[in-house]
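Here's the structure, in structure tokens; my notes come after.
The values are calculated or read from the model by the stated rules, or taken from the named source; none is laboratory data. This one's a predicted model, so the numbers in the text were calculated from it and none came from an experiment. Cβ atoms come from the backbone with ideal geometry, glycine included; neighbour counts cover every protein chain shown. For the accessible areas, the whole protein counts, side chains as well, though only heavy atoms, and no ligand, DNA or RNA atoms are used. Shrake-Rupley method; radii C 1.70, N 1.55, O 1.52, S 1.80 Å.
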Amino acid sequence: MTQTVPPGNPEAPTTPGATAADPAASASGQDTAAAAARGLPAALKRRVPKYADLAPLMQFKKPEFGRAARLRRASTIWDLRDMAKRRTPQAPFDYTDGAAEAEISLRRARQAFLDIEFRPGVLRDVSSIDLRTDILGGPSRLPVGIAPTGFTRMMQSEGEYAGSQAAEAAGIPYTLSTMGTASLEAVAAAAPTGRNWFQLYLWTDRDRSLELIQRAAAAGNDTLMVTVDTAVAGARLRDVRNGMTIPPALTLKTVLDASYRPAWWFNFLTHEPLTFASLSRYTGTVADLINSMFDPTLTYADLDWLRETWKGKLVVKGIQTVDDARKVVDHGADGIVLSNHGGRQLDRAPIPFHLLPEASAALKADRSDAAIILDTGIMSGADIIAALALGADFTLIGRAYLYGLMAGGRAGVDRALQILEKDMERTMALLGVSRIADLTPEHVRILGA
């Protein structure tokens, strides 16, 4: 039988002195693979590897252990969340991670940031990215601040001290909650050069509210943020199922949970007992505390009282409609926070990111210079840039920094802010924008809108 040899590729390079029609090659009796090999570049011909070639590939990296190395390996806020979940007992982790009822609001808020399309410009000079901005009469090195979070030392023993000091180092505002586990005075001492804000829940006892307002001013807080979406406590079912109490109760379940998270319990048991720094000592569930302390009769008249009482910047947090955004500004608010409390109050509440373009347009139409701040659902620097492009002046993060706190204390909060900063710089550069002021709605399209 005659064997047919496929013709050579006329475009294949040949070695010097050899041609596709070389009669010696045809007569050599070599197989077709050997014949094809003569036409390969030198770099593609097989050879025995030399030690000099292997040596650069055998420089194994020395293993790194410890908190610092672990945090360096985190590339996203989700990575920090995974670390936090491994290191924190279920009750405090779920208190941070969870939301109200079926947690629909939280899922929708996060999905809202996924359902966008960035629209980049090219051939722009983005060799230098400037993330600085001004908010409420003062500078911030980044367009994001730390939101008020309650019971913070329950998540990790450094709590508000870690958050305020990390914010101070990053040059961004830090907001202390009325439900905080460090006092106004302690935070001011821990971060003396930081820009500290105070979040206020108005109580039925107005005298106690007034005392807190006066302490906030005396401690150097330049902004008061009053939260208005907590007439009653939301149904946070994870907390109910975990038997979440303040302080955390030692039950058989919590003891078993602690058996593989000893560092958290060691820190918890060897530091000052967990208390609300702005409240009397309280024992009970979180929902019972909210329902017993906070005022369901709160109206615009109370906002007028606050405006007369507080001489600094006044921000109203928990705005979920355009109509309310306009009204609080009319009643003297210097800024609003579009927020549904991280999905922790009313489930199926409006999504702040979706509300943002309409609220921004309405306040501009009113010729208002009130600041528009957004929270809920932010898990990356790209989320922040999208919010700024669609009309936000500033953003706040709650869970995103608490995941860092639970993952590694102060160093974990630092890492969370570093991740967000790098995200923002990269997103800005790829959009072709070098300054926050140059972001416009043209840079973002909401898919399906």
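Do the conditions hold for Leu314, that is, is it open to solvent by less than 30 Å² (accessible area, probe 1.4 Å), among the hydrophobic types (A, V, I, L, M, F, W, C) and part of a helix (DSSP H, G or I)?
no
Please give the helices (runs of 4 or more DSSP H) falling wholly within the range 338-440 in which 2 or more residues are among the aromatic types (Phe, Trp, Tyr).
By residue number, 399-431.
I need the full set of residues from the range 288-311 which are among the acidic types (Asp, Glu) and at pLDDT 90 or above, in order please.
Scanning the range 288-311 gives Asp302, Asp304, Glu308.
Among the numbered conditions (1) over 30 Å from Pro139 (Cα atoms); (2) open to solvent by 40 Å² or more (accessible area, probe 1.4 Å); (3) at pLDDT 85 or above, tell me where Arg236 comes up short.
Among (1) over 30 Å from Pro139 (Cα atoms); (2) open to solvent by 40 Å² or more (accessible area, probe 1.4 Å); (3) at pLDDT 85 or above, the lone unmet condition for Arg236 is (2).
Tally time: how many residues in the range 56-72 are over 30 Å from Tyr401 (Cα atoms) and either surrounded by 10 or more Cβ atoms within 10 Å (Cβ to Cβ) or touching a helix residue (DSSP H, G or I) at 6+ places or on another chain (Cβ under 7 Å) (or both)?
So the count comes out to 0.
I'm trying to understand the selection: among the residues of the range 193-217, which are open to solvent by 30 Å² or more (accessible area, probe 1.4 Å), under 28 Å from Ala166 (Cβ atoms) and touching a residue at least 24 places away in the same chain (Cβ under 8 Å)?
Once the filter is applied, which keeps residues that are open to solvent by 30 Å² or more (accessible area, probe 1.4 Å), under 28 Å from Ala166 (Cβ atoms) and touching a residue at least 24 places away in the same chain (Cβ under 8 Å), the range 193-217 yields Thr193, Arg195, Arg215, Ala217.
Going through the range 330-372 one residue at a time, which ones are among the hydrophobic types (A, V, I, L, M, F, W, C) and closer than 23 Å to Trp78 by Cα?
Once the filter is applied, which keeps residues that are among the hydrophobic types (A, V, I, L, M, F, W, C) and closer than 23 Å to Trp78 by Cα, the range 330-372 yields Ile351, Phe353.
Quick one: which of Asn221, Asn242, Asn196 is farther than 30 Å from Leu420 by Cα and either at pLDDT 95 or above or not aromatic (Phe, Trp, Tyr) (or both)?
Exactly one of Asn221, Asn242, Asn196 is farther than 30 Å from Leu420 by Cα and either at pLDDT 95 or above or not aromatic (Phe, Trp, Tyr) (or both), namely Asn242.
For the range 176-192, name all the residues that are in contact (Cβ under 8 Å) with a residue 40 or more places away in the chain, polar (S, T, N, Q) and open to solvent by less than 20 Å² (accessible area, probe 1.4 Å).
Thr178, Thr181
Of all residues in the range 117-144 being aliphatic (A, V, I, L, M) and within 30 Å of Gly163 (Cα to Cα), which is surrounded by the fewest Cβ atoms within 10 Å (Cβ to Cβ)?
Here the answer is Ile129.
Based on what the data block shows, is Trp197 of a type in the set (Phe, Trp, Tyr) and within 25 Å of Leu346 (Cα to Cα)?
no
I'd like to verify a number: residues in the range 80-92 that are open to solvent by 50 Å² or more (accessible area, probe 1.4 Å) and under 17 Å from Tyr401 (Cβ atoms), how many?
Residues in the range 80-92 being open to solvent by 50 Å² or more (accessible area, probe 1.4 Å) and under 17 Å from Tyr401 (Cβ atoms): 3 in total.
Regarding the range 231-244, can at least one residue be identified that is touching a helix residue (DSSP H, G or I) at 6+ places or on another chain (Cβ under 8 Å), within 30 Å of Ala325 (Cβ to Cβ), in a strand (DSSP E or B) and of a type outside the set (S, T, N, Q)?
No, every residue in the range 231-244 fails to be touching a helix residue (DSSP H, G or I) at 6+ places or on another chain (Cβ under 8 Å), within 30 Å of Ala325 (Cβ to Cβ), in a strand (DSSP E or B) and of a type outside the set (S, T, N, Q).
Give me the pairs: first residue in the range 324-336 and more than 17 Å from Leu396 (Cβ to Cβ), second residue open to solvent by 20 Å² or more (accessible area, probe 1.4 Å) and among the basic types (Lys, Arg), beta-carbon distance under 6 Å, and six or more apart or on different chains, which are they?
Gly332/Arg307
Quick one: is Ala186 more than 30 Å from Thr297 (Cβ to Cβ) and touching a Leu at 6+ places or on another chain (Cβ under 7 Å)?
Spelling it out, it is not the case that Ala186 is more than 30 Å from Thr297 (Cβ to Cβ) and touching a Leu at 6+ places or on another chain (Cβ under 7 Å).
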